[in-house]
């Protein structure tokens, strides 16, 4: 959206017609003082209230992160936008705005790209994070690269976990992975209500911005769970030079009942979904027991050492890895 | 690069090994006070000196913007980075940093993605615009989505052109398009010295940041030429509600001699290359005659009306369109 249609009086070419449509749609998402200049120039211009900016970029690529048969175009716009803004939530930032770099096949149906944009616009409204620019290009597959900026006086980082901290989980885990498994393995005609619920959790995640803000001043470290609880706990452990010991029972209790039902129907372990499935966009944090906010659930402790461990009444095992884009 | 390898002691999986390598490479590009937190967390953290931020995103997609046979991987990293930062030049901004969202086929040779990153790192150094984060994902084709932030006290916009302004060109035009034609039509074994020069202009553009800064306080409007002089002049005309009348002879004199030689060898018009070929990343601006900087060339005037016109001693014709990603 760095460009505008050049000749409104001439028959509009596809690209400029698309940009004009997107410009009108996204203009409604920004009515805020921080946006000095939105879509329609070489770049957007922002005047943030504070001087400390948190800046992220995230990608959703067809046949890697999704198949178009798995969700509606509007779901896709919503999903990709929340996935990107979730990084701001993890840093305890308040969103300023986002740019959307959209790559589309030449032959794509108008309903699809307009649906994607509508989903982005709805998410922008819901998250109070306006779309203020972007880019549009051809490609052989659909991909959405979203970059978002937020403001945070004291950004939460991965490297602040301290020995003696509790490990906190904010939000549920496992339902998105269960939903994704349903999409990959069960024809829609055979979905029951629990399956439908889990699929919707995967299709429509919500970046936990309010909760992220609520962690500031309380948590010593934080991350969003995009690659699975085990892997993202590993990021905190490594960055902070500590070990995270997770309590299997406490994690079980953070798995929604419907995700357990679906796991059982699919012959899978709900705990596995929770540990290795990302895309619930829950937040993982650590902090002192006395500082735990009411919305956070204690699921473990921070100890000296390294790595992530899972402890149950029977045993304590070391966990490894999450989703690897280049090996799965 | 929002993530780090999780288990350094375990055999590194491909993704995390790649991220660790990129983290080390790009760490060398930022030694500046504005970067509070670089690669390795959910998001980067910046503390810009000024409150007015200019923010852009740009994409380079395989088989749309380039073929891997047309340039080295390092050229590609350099090219894509300069193309993105050129938007900051057009706004008269000083770069703060960039995030790189890189999509790569699973099977890609290590030399290629490392080459791309080396080209980005070199461009980052040359432009004083550090790579402070990003994202890495699988895809079926190579694509690089670069988002860049700069600071500008008074950003230059497209909509400020005034009747009576001169039209200024900063940098040469036509050589990149001539080089691209050579790549598409002439086997490398048959290139002469002029062809090689033009190909190198296309492969290694340079964002005109210093010139963009030099336009501030002098120009009333500005844009970078990424889609061709005619099309980008059209953006200024439309945004400003004016007409731009370009002088064919003055444009001819801004076409490098080697681009003219190549055009002649290919049986093409050098003026066509200048008007419709983008990717020289020259700057187009308008301003009062008395304010024209020494580095800017007068190539036309701003008049009442609409559209872009090309005037020569024989005739005056209206120009249309540039590169359309969805129709060519």
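FYI, it's all coordinate maths here, none of it is from the lab. Everything quoted here is computed from the prediction, not taken from an experiment. Glycine also receives a Cβ, built like all others from the backbone with ideal geometry; neighbour counts cover every protein chain displayed.
Protection proxy ranking for A:220-228, B:299-307, using the average of other Cβ atoms within 10 Å per residue and placing the highest first: A:220-228, B:299-307. Counting only the Cα atoms, the range A:9-111 fills a convex hull of 135 Å³ per residue. Seen against the Cα atoms of chain B and their longest principal axis, helix B:14-27 is set at about 60 degrees. Take residue B:126, push a point 7 Å out from Cα through the beta-carbon direction, and compare it with the same point in every other copy: 4.4 nm, smallest first. Counting only Cα atoms, chain B measures 73, 51, 32 Å along its principal axes, largest extent leading.
In the range A:188-242, one over the average inverse separation of all distinct C-alpha pairs is 13.9 Å, which is the Kirkwood hydrodynamic radius. Here the range A:151-252 is treated as an ellipsoid with the same Cα gyration tensor; its semi-axes, largest first and in whole Å, are 31, 16, 11. In nanometres and ascending order, the distances from the residue B:290 label point to those of the other copies are 7.0 (point 7 Å from Cα along Cα→Cβ). The angle between the Cα long axis of helix A:257-266 and the longest principal axis of the Cα atoms of chain A comes to about 90 degrees, rounded to the nearest 10.
With Cα atoms as the point set, the radius of gyration and Dmax of the range B:195-278 evaluate to 14.3, 42 Å. Only helical runs count toward this figure. For the protein assembly as shown, summing -39,500 (n - 2.57) over DSSP H runs of n ≥ 4 and dividing by all residues gives -10500 deg cm²/dmol at 222 nm. Take residue B:111, push a point 7 Å out from Cα through the beta-carbon direction, and compare it with the same point in every other copy: 4.7 nm, smallest first.
So how far, in whole Å, is the C-alpha centre of the range B:240-311 from the one of the range A:81-140? Measuring centre to centre over Cα atoms gives 35 Å. Among beta bridges from DSSP that stay inside the range B:218-310, the antiparallel ones total about 70%. Would you mind telling me the antiparallel percentage of the DSSP bridges in the protein assembly as shown, rounded to 5? Close to 80 percent.
Entry note: the protein assembly as shown has Rg to Rh equal to 1.00, where both radii use alpha-carbon atoms and Rh is the Kirkwood radius.
Look at the alpha carbon pairs under 8 Å that are at least 6 residues apart: their mean separation over the length of chain B gives a relative contact order of 21 percent. The antiparallel fraction among DSSP beta bridges confined to chain A stands at about 75%. Between residue A:153 and residue A:315, the FRET efficiency estimated from the beta carbon spacing at R0 = 56 angstrom works out to 0.85.
If the Kirkwood radius is taken over C-alpha pairs of the range B:60-137, then at 20 °C and 1.002 mPa s the Stokes-Einstein diffusion coefficient equals 166 µm²/s.
In terms of Cα atoms, the Rg and Dmax of the range B:42-91 work out to 14.3, 43 Å. One equal scatterer on each Cα of the range A:269-320, no solvent, Debye formula: the resulting log10 I(q)/I(0) at q = 0.14, 0.27, 0.32 Å⁻¹ is -0.48, -1.32, -1.31. When the alpha carbon coordinates of the range B:109-202 are projected onto the principal axes, the ranges are 51, 39, 26 Å, largest first. At q = 0.12, 0.14 Å⁻¹ the log10 of I(q)/I(0) for the range A:173-328 amounts to -0.51, -0.70, computed by Debye summation with a single uniform scatterer per C-alpha, solvent ignored.
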